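Here's the structure we're looking at; comments come further down.
The values are calculated or read from the model by the stated rules, or taken from the named source; none is laboratory data. Small disclaimer: the values here were computed from a predicted structure and weren't measured. Every residue, glycine among them, receives a Cβ derived from its backbone with ideal geometry; neighbour counts consider all protein chains shown. These area figures cover heavy atoms from the full protein model, side chains too; ligands, DNA and RNA do not enter into them. Shrake-Rupley method; radii C 1.70, N 1.55, O 1.52, S 1.80 Å.
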Amino acid sequence: MEPFTVPSVDACRSNLLCLAITASLASFSTGLWASEPPFSATADTVFDIILDDDPSTFVCLAYEGRGTRQMWDKRQDDEFDLDTFVFSAHFSDMPPFEIVLNPEFETEVAARAEADRYGNRLGQIPLAFRHGIRRLGIHKGDEGFHAGSGKMFVYQDMATRRIGQKRLAESLLHESIHATLDNAYSLSPGWVAAQRQDDAFMTRYAQSRPDREDLAETALFAYALLRHPGRIPPVDSRDILARVPARIAVIRTILDTPPNVPSAPPVPEGCR
């Protein structure tokens with residue numbers, strides 16, 4: 001990724017967000033912006049960014065049977081080969097990926113009921129943030145979600161809590177960034193330059209791990225401002241824009257650049 005540069009006013013023209021970014025960067029000062037983050041973590045904000053009735057590209061789940069898969073489990077801080085329940089999650093805008101469930105779910109019916117909670121919400125996440133997912137693993141328990149390149153792991157009780165808080169889709173967006181974009185962006189010269197220009201963080205979690213969590217933490221705020229600006233109050237929107245304008249500009253480029261992914265294949269019989 002090329003290093004981020006401040007857009008000119010002429011380049012911005014009538015784009016109000018672009019103009020605001022330019023103005024914020026023009027007044028950039030290390031002493032001014034090196035301040036305490038306003039939030040603990042994205043999951044703890046009061047903003048409802050992704051709504052239950054937002055459009056989704058999710059189509060259906062197809063049960064593929066039982067199969068041995070490696071699953072990292074935070075509860076034991078280790079990875080295991082497990083005889084998992086395997087589903088393929090189908091979307092209209094990308095190839096399917098696996099949803100695999102720990103055998104502790106015991107039956108196909110119970111496994112499907114749990115897997116069903118994630119498909120529609122995953123389809124609400126922008127393709128630019130989601131296209132790198134290859135597998136979603138699901139355990140029971142109340143551990144925090146986690147992800148790496150291509151893989152995400154979630155826990156049933158934590159997911160139930162996030163649903164009650166109206167935050168499950170937002171939490172999945174955070175993990176999808178890890179699965180899809182971390183390798184290309186989180187330590188890239190362009191992202192690091194944008195961090196230095198902003199000299200501030202949106203959350204204490206991002207500030208504590210800028211090399212690992214800042215991209216995933218910032219992405220949700222940027223997505224809200226760029227795609228659903230009315231879902232964050234104006235005073236908070238102004239604060240976010242003033243605090244991380246350079247990184248919002250980077251994420252805008254990511255969102256505006258269609259990812260190169262194969263077309264979705266035909267949906268198999270029995271997919272529901």
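Here are a few things to note about the model shown:
- Selection count where residues are under 30 Å from SER208 (Cβ atoms) and surrounded by 13 or more Cβ atoms within 10 Å (Cβ to Cβ), scope the stretch 49-69: 2
So that you can scan it fast, the table gives a plain yes or no per residue for (1) in a helix (DSSP H, G or I); (2) free of Cβ contacts under 8 Å to residues at least 24 places away in the same chain; (3) surrounded by fewer than 19 Cβ atoms within 10 Å (Cβ to Cβ); (4) in contact with a Phe, Trp or Tyr (Cβ under 8 Å, 6 or more places away or on another chain):
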site	(1), (2), (3), (4)
GLU143	no, no, yes, yes
PHE153	no, no, no, yes
ASP157	yes, yes, yes, no
THR160	yes, yes, yes, no
LYS166	no, no, yes, no
SER171	yes, no, no, yes
ILE177	yes, no, no, yes
ALA184	yes, no, yes, no
VAL192	yes, yes, yes, no
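- Exactly one residue out of VAL244, VAL261 is touching a residue at least 40 places away in the same chain (Cβ under 8 Å), open to solvent by 10 Å² or more (accessible area, probe 1.4 Å) and of a type in the set (A, V, I, L, M, F, W, C), and it is VAL261.
- When VAL46 is tested against (1) among the aliphatic types (A, V, I, L, M); (2) at pLDDT 95 or above; (3) open to solvent by 20 Å² or more (accessible area, probe 1.4 Å); (4) not in a strand (DSSP E or B), exactly one condition is not met: (2).
- Test: residue in the stretch 232-251 that is outside any helix (DSSP H, G or I) and closer than 29 Å to THR160 by Cα: yes
- Among the residues of the stretch 197-215, those identified as in contact (Cβ under 8 Å) with a residue 60 or more places away in the chain and part of a helix (DSSP H, G or I) are GLN197, ASP198, ARG204, TYR205, ALA206, GLN207.
- The lone exception for ARG130 - which of (1) in contact with a strand residue (DSSP E or B) (Cβ under 8 Å, 6 or more places away or on another chain); (2) closer than 23 Å to LEU225 by Cα; (3) open to solvent by less than 10 Å² (accessible area, probe 1.4 Å) it fails: (1)
- Yes/no for SER35 being under 19 Å from ASN120 (Cα atoms) and either modelled with pLDDT of 90 or more or not charged (D, E, K, R) (or both): no
- Residue within the stretch 70-82 that is touching a Ser or Thr at 6+ places or on another chain (Cβ under 9 Å), polar (S, T, N, Q) and either open to solvent by 10 Å² or more (accessible area, probe 1.4 Å) or farther than 27 Å from ASN260 by Cα (or both) present: no
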